[in-house]
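Right, one structure below, let's go through it.
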Amino acid sequence: MTRGDSTLSDPLSTLLDLPDQDRMERGLVHTPREIWQQPATWSKTYEICRGKHPELNDVLRRAGIGRGSTSSPTVYLVGAGTSDYTGRALAPLLRARWGCDVWPIPSTTMLTEFEEFHRPGREYLWISFSRSGESPEGVALLQQALDRHREIRHLVITCNQAGPMAQLCARNPDRALALVLDDAVNDRGLAMTSSFSNMVLAGQCVANLEDLAQFGEVVAQMSEIGRQFLPAAAEAAATITMLGCARTCFGGAGVLRAVADESALKVVELSAGKVTTMAETPLGLRHGPLSSVDGQTLFVAFLSSEARRRGYELDLLREMDRKHLGRVRAVVTARGGQDVSSLADYSLSLNCAADFPDHYRPILDVMLGQLIGLFASMRCGLKPDQPSPDGAITRVVAPIKLYS
């Protein structure tokens, strides 16, 4: 991959152009590059999915997807942390495309509450997400399901061919398939960035298997939108974090609530908790959490294109403006932003086409959250590639004791 200065804003360009030794000493070897590379990697993920079309189609057919809402299986989207938010970013799209029940369930919940989510005689399809395929909860849960519940079918979306979850699928080809993405998106930094957006895109491809060639045109649009959005998002993130806000609150509805969740996680991970974060829906914020949006808070809203949702979102911004809540407010819109320009300090437009659906926006909007996390990490004097100096969190979660 080559990088041209014309496609980058100065803050991100400066980090990528640092001498190797400087980047190593400052913990900037991986994270800036992994954020920057995302738009270029999405086409590769699409091609991988297109190449796996027969196998993916077979998994869905065997699971019963497409039989109609009365006889289709229940679909669970399983993952922990960022991988859980991957499922949350996909659930509304999969429900709309497949016409059946699709529910994101954290693997951390499924491991302890398994029987509450499964009933005898019912059919289930699990779509599990894991960057490394090594998460102890994810591996234990998949092993348990394969050993004890043969009626469950599995699709695992991962970035690591050698991971235990991919290997479990290889040993159980009659019931499980691993969709392994390119190794370039198996993020080496602690924070999941390009792995998140590419696993979401892979899920979008699975949702669009019946029209995958047509969806390729959407992927091309998203890659171009992402390349154009990155410079503005980087410049805004770098400028905003210079204010040193002690809190960051992210808001979003529908699939954009998952973007808010993931953005909040990125900031708290990369700042080692020095910046406290929260994510909520616009309506949910008004039931108590709005009290935490004080004079040291950055508020970021991912605004929907759907008129009904946007009405509630604009009302919240008007209330915050009227009450002078938050130190700085930033919004991301699909296109334009004239209706919010007076309500936000920063209004960033993705400049999408008029008919571009919110269902496909998570991989675009989330880059602002990732960049705020990156620059907040640096402002806190941390190394973004390894931002947890006391080892509180690690790239792969530490092993756990399992209870039967």
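Quick notes on this structure:
- Per residue Cα convex hull volume in Å³ - calculated over region 300-351: 61 Å³
- The Cβ shell under 13 Å around Thr112 holds other residues with a net charge of -3, Lys and Arg each +1, Asp and Glu each -1.
- Cβ-based net charge around Arg327, under 10 Å, with every Lys or Arg adding one and every Asp or Glu removing one: 0
- Partnerless cysteines in the chain, where a partner means another cysteine C-beta under 4.7 angstrom, comprise Cys100, Cys159, Cys169, Cys245, Cys249, Cys352, Cys380.
- Positive dipole terminus of region 86-152, leading residue within Gly99, Phe114, Gln144 (C-beta point charges): Gly99
- For the residues Ile65, Ile127, a 1.4 Å probe over the protein chains yields an accessible-area ranking, largest first, of Ile65, Ile127.
- Trypsin sites (Lys or Arg not before Pro) restricted to DSSP loop in region 95-124 with at most 12 other C-beta within 10 Å: Arg122
- Take 318-329, 158-169 and order them by the average number of nearby Cβ atoms within 10 Å per residue, most first; the result is 158-169, 318-329.
- Helical runs (DSSP H, four residues minimum) scored at -39500 (n - 2.57) apiece and divided by the length of the chain put the mean residue ellipticity at 222 nm at -14500 deg cm²/dmol.
- Protein accessible area in the chain, 1.4 Å probe - carbon and sulfur %: 49 percent
- A simple count of charges around Ala264, restricted to other residues whose Cβ falls under 15 Å of its Cβ and scoring Lys, Arg +1 and Asp, Glu -1, yields -1.
- Surface analysis of the chain yields an accessible area of 42 Å² per residue, using protein heavy atoms and a 1.4 Å probe.
- Taken over the chain, lysine pairs spaced eight or more positions apart, or on distinct chains, with alpha carbons under 19 Å apart number 4.
- Charge dipole (debye, nearest 20) of the chain; +1 at Cβ of Lys and Arg, -1 at Cβ of Asp and Glu: 540 debye
The values are calculated or read from the model by the stated rules, or taken from the named source; none is laboratory data. Because the structure is a prediction, the values reported are computed rather than measured. Please note: Cβ atoms are built from the backbone with ideal geometry, for glycine as well, and neighbour counts cover all protein chains shown. Accessible surface areas use protein heavy atoms only, side chains included; no ligands, DNA or RNA. Shrake-Rupley method; radii C 1.70, N 1.55, O 1.52, S 1.80 Å.
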